[in-house]
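Peer 1: Here it is, the structure in full.
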Amino acid sequence: MADTIIAEDLVKTYRNGEVRALDGLNLSVPEGSVLGILGPNGAGKTTCVRVLSTLLTPDSGRATVAGIDVIKHPDQVREVIGLSGQYAAVDETLTGWDNLVMFGRLYHLGKKSAIARADELLEQFRLTDSAKRPIKTYSGGMRRRLDLAASLIVRPKVLFLDEPTTGLDPRGRIDMWNVISGLVSEGVTLLLTTQYLEEADQLADSIAVVDHGKVIARGTADELKDQIGGDRLEVSVHVDDMNVAAEVLARLGGEVHRDEGLHRLSIGVTNGSAVLTEAVRGLDAVGVKILDLALKRPSLDDVFLSLTGHAAEEEVQS
Amino acid sequence: MSVIHDGLIITKRQLLQLSRVPEVLIFSTIQPVMFVLLFRFVFGGSIETAGGDYVQFLMPGIFVQTVSFTLAGTAVGLAEDMTKGLIDRFRSLPIARSAVVLGRTLGDATLNVVVLLVMGVAGFVVGWRPTSGGLSIAAGFLLLLSFGYAMSWIGVFVGLSVRDSRAANGLVFIIVFPMTFLSNAFAPTSNMPTVLQYVAEWNPVSTMVAGCRELFGLPNVFGVTANSWPSQNPLEMSLIYMLIIMSVFVPFSIRKYMKASAR
């Protein structure tokens, strides 16, 4: 299948090159699939979306969306994409209906079709009851749904969602996931950014891990988990025993990851059960009391940690 | 033309906003009317003006001051759209590049029509009687609307540059307030220190006010600057100023819009 979104060596710098928001970013998204761009704040996720959706011109590199060059023919790209950003970009003083009709008209639908499409979308996103209320009165989740609806007016081939659930409560998030899954089943090509590993796991066919403006790993959630090798052994001990326990675990193999706050140590293991027994014996021999012990399949969090050396959801100063 | 079509949809959005939040329209007309009343009755007695009572002198000044503040309306509106991410959305739509700013300036011009109408009526109630013919008076209002429209384009640039509506509002006051007071709008320049008289003479607000006074049938009085070109030809000078403002700020503002980004 042809790639609907292609990005090659995208570079975008700010403040005279001091900040490299994109530092040679490469991407491709096959038609009808979902790519999740995963990365911490400041990794370049939003800049990437802004370049691909024609809002920002890169310093160098090349990108095409639905076969159209983003830099040379931004107007044509705008005809086939939908964009929903990090905040609900709608007019808050107007009603949901007003907004959708206005955007419909701006997409050059006739008056009647704009109204019909607005009604249809409000129905689809369960907003019909609030259609005639100003957006000001909407909840965060409702705003996001309306914002998403506004990006779907002309049934775009390619959809960009920049952190679609940031700031939503758990219910709103699951709600949004259902809506997005529905869209994907209709065959739209979707590029979504997120700093939530669970979200990428849930929605994306393929994940690109981005850090410092580069893709540092790519694959399905399972492939990424396999990349860091096998399972992880996690041991919780008393705070005073941390150093002794770390020494014991270090002898069993791999790099020991310490979580000081939770008094937890973890190592990557390949033959889980054997190491488990050894760990128990080893720790017992030096008199460390084990508070909790578990053998875990790696989470995407672990993947992220092993790839970047820092957790996904922490703030990174750019 | 799709620019006009798209622009008008943006204008319609702004008018729809006004109908949803009518307070905005009410306050933006009450303020200038309040100025008319305050100046007419508070300063009216103490400012000496040649040829007629103070209200005749005052009205063109207040009209010009009011349309000058269109700069604020446009700047604040666009700065708000910017922070809310609406400009990003508009820029991702397949519409002409100038449509959004064009629509915004047209909306603010429409608002000016209403405001000027209400002010004219308020002025009439407190004794304003333009003595020229209907055609001249109409030309005066047309001149005011055009000046407001030119100021609106400066507002586009300010709003898209500042990116924060409160900052935009603050900045505009710093620019426009001295501009309207360092002029012949509220008091004759002839009593100012000589240096200031020259500054006031070239101030676009002054040439506008003098031009309007001419069109409304009131003789202009100047101090040391009486024989200068802008004092002699206030209408021409005003048109030149508008031309300069538009030819600088229309292309700059559209460029700014194309590169605009919320962060």
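Throughout, read-outs are computed from the coordinates displayed, never taken from laboratory work. Since we're looking at a predicted model, the values are computed, not measured. A quick note on method: Cβ atoms are made from the backbone with ideal geometry, for glycine too, and the neighbour counts reach across all protein chains shown.
Peer 1: Per residue of A:82-88, count partner chain C-beta atoms within 10 Å of its C-beta, then hand back the mean as an integer.
Peer 2: Partner Cβ neighbours, averaged per residue: 4.
Peer 1: What distance in nm separates the simple spin-label points at residue A:202 and residue A:69, each placed 7 Å from Cα in the Cβ direction?
Peer 2: Reported label-point gap for residue A:202 and residue A:69 is 4.0 nm.
Peer 1: Right, something else. Relative contact order for chain A: what percent, with Cα pairs under 8 Å and sequence separation of 6 or more? Don't skip to the end; give the middle numbers.
Peer 2: On the way: 615 pairs, mean separation 66.4, N = 318.
This gives 21 percent for chain A.
Peer 1: Could you calculate the FRET efficiency of residue B:259 with residue A:79 from 1/(1 + (r/R0)^6), where r is the beta carbon distance between them and R0 is 22 Å, rounded to 0.05?
Peer 2: Details: r = 21 Å, r/R0 = 0.96.
With R0 = 22 Å, the Cβ-Cβ based efficiency is 0.55.
Peer 1: If contacts are Cα pairs under 8 angstrom and at least 6 residues apart, what is the relative contact order of chain B in percent? Intermediate values should be presented prior to the final figure.
Peer 2: Details: 358 pairs, mean separation 73.2, N = 263.
The value is 28 percent.
Peer 1: Moving on. Which of the peptides A:178-187, B:156-165 is most tightly packed, and how do the rest follow, judged by the mean count of other Cβ atoms within 10 Å per residue?
Peer 2: B:156-165, A:178-187
Peer 1: Hydropathy first: keep DSSP H helices in chain B averaging at least -0.5 on Kyte-Doolittle, then drop any whose Cα extent along the axis falls short of 30 Å, and list what survives. It would help to have the intermediate numbers written out before the result.
Peer 2: Numbers: long enough: B:99-125 (39 Å, 1.79); B:134-162 (41 Å, 1.82); B:234-259 (37 Å, 1.04).
Both cut-offs are met by B:99-125, B:134-162, B:234-259.
Peer 1: Which FRET efficiency value, to the nearest 0.05, is calculated for residue A:174 and residue A:227 with the Förster distance at 22 angstrom and r the Cβ-Cβ distance? Could you put the intermediate results ahead of the total?
Peer 2: Numbers: r = 28 Å, r/R0 = 1.28.
Calculated value: 0.20.
Peer 1: Here's another thing I want to ask about it. Across 10 Å bins from the origin, how do the percents of Cα pairs in the protein assembly as shown run, short distances first?
Peer 2: Per 10 Å bin, starting at 0, the Cα pair percentages come out as 3, 15, 20, 18, 14, 12, 9, 5, 3, 1, 0.
Peer 1: For the pair residue B:19 and residue B:125, what calculated FRET efficiency results from E = 1/(1 + (r/R0)^6), where r is the Cβ-Cβ distance and R0 = 35 Å, to the nearest 0.05?
Peer 2: Details: r = 26 Å, r/R0 = 0.76.
Efficiency, rounded to the nearest 0.05: 0.85.
Peer 1: Give the average, rounded to an integer, of partner chain Cβ atoms located within 10 angstrom of each Cβ in A:100-107. Write out the running numbers ahead of the final one.
Peer 2: Numbers: counts 0, 3, 5, 5, 1, 8, 13, 4.
Mean inter-chain Cβ contacts per residue within 10 Å come to 5.
Peer 1: Tell me, in nm to one decimal, what length is gained between residue B:177 and residue B:164 on full extension, where the rule is 0.36 nm per residue of separation less the Cα-Cα distance?
Peer 2: On the way: separation 13, 0.36 × 13 = 4.68 nm, distance 1.97 nm.
Gain in length upon complete extension: 2.7 nm.
Peer 1: Here's a follow-up. In debye, nearest 20, what is the charge dipole magnitude of chain B about its Cα centre with +1 on Lys and Arg Cβ and -1 on Asp and Glu Cβ, if you could check? Walk me through the intermediate numbers first.
Peer 2: Details: 17 positive and 12 negative charges, 204 e Å.
With only Lys, Arg, Asp and Glu charged at Cβ, the dipole is about 980 debye.
Peer 1: Now for a different question. Per-residue mean of other chain beta-carbon atoms within 10 angstrom of the beta-carbon, peptide B:158-164? Each step should come with its number before you reach the end.
Peer 2: Details: counts 0, 0, 0, 0, 0, 0, 0.
Mean partner-chain Cβ count within 10 Å for B:158-164: 0.
Peer 1: Describe numerically, in nm with one decimal, the distance between label points set 7 Å from Cα along Cα→Cβ at residue B:229 and at residue A:9.
Peer 2: 5.5
Peer 1: Could you tell me which trypsin sites (Lys or Arg not before Pro) in region A:219-313 are loop residues by DSSP with no more than 15 other beta carbons within 10 angstrom of their beta carbon?
Peer 2: Working: sites: A:225, A:232, A:251, A:258, A:264, A:281, A:289, A:296; in loops: A:289.
Counting only loop positions with at most 15 other Cβ atoms within 10 Å, the trypsin sites (Lys or Arg not before Pro) in region A:219-313 are A:289.
Peer 1: Rank B:207, B:130, B:192 by how far each Cα sits towards the positive end of the charge dipole of chain B (+1 on Lys, Arg Cβ; -1 on Asp, Glu Cβ) and give me just the farthest.
Peer 2: B:207
Peer 1: Helix A:272-285: angle to the longest alpha-carbon principal axis of chain A, degrees 0 to 90, nearest 10?
Peer 2: Approximately 50 degrees, to the nearest 10.
Peer 1: For region A:230-297, with only Lys/Arg (+1) and Asp/Glu (-1) charged at the beta-carbon, what is the dipole magnitude about the Cα centre, in debye rounded to 20?
Peer 2: 200
Peer 1: Also, quick follow-up: Report ³J(HN,Hα) in whole Hz for each residue of region A:170-183, in order, from the Karplus equation J = 6.51 cos²θ - 1.76 cosθ + 1.60 where θ = phi - 60°; Gly and Pro get x.
Peer 2: Listing the rounded values in order: x, 5, x, 5, 5, 4, 5, 4, 4, 4, 5, 4, x, 5 Hz.
Peer 1: Hey, another quick one. Just from its helices, what would the mean residue ellipticity at 222 nm be for chain A, if runs of 4 or more DSSP H residues each count -39500 (n - 2.57) and the sum is divided by every residue, rounded to the nearest 500 deg cm²/dmol? Walk me through the numbers on the way to the answer.
Peer 2: On the way: 11 runs with 115 residues, N = 318.
Dividing the helical sum by the residues of chain A leaves -11000 deg cm²/dmol.
Peer 1: Would you mind ranking B:153, A:177, B:128 by Cβ crowding within 10 Å, fewest neighbours first?
Peer 2: Result, fewest neighbours first: A:177, B:128, B:153.
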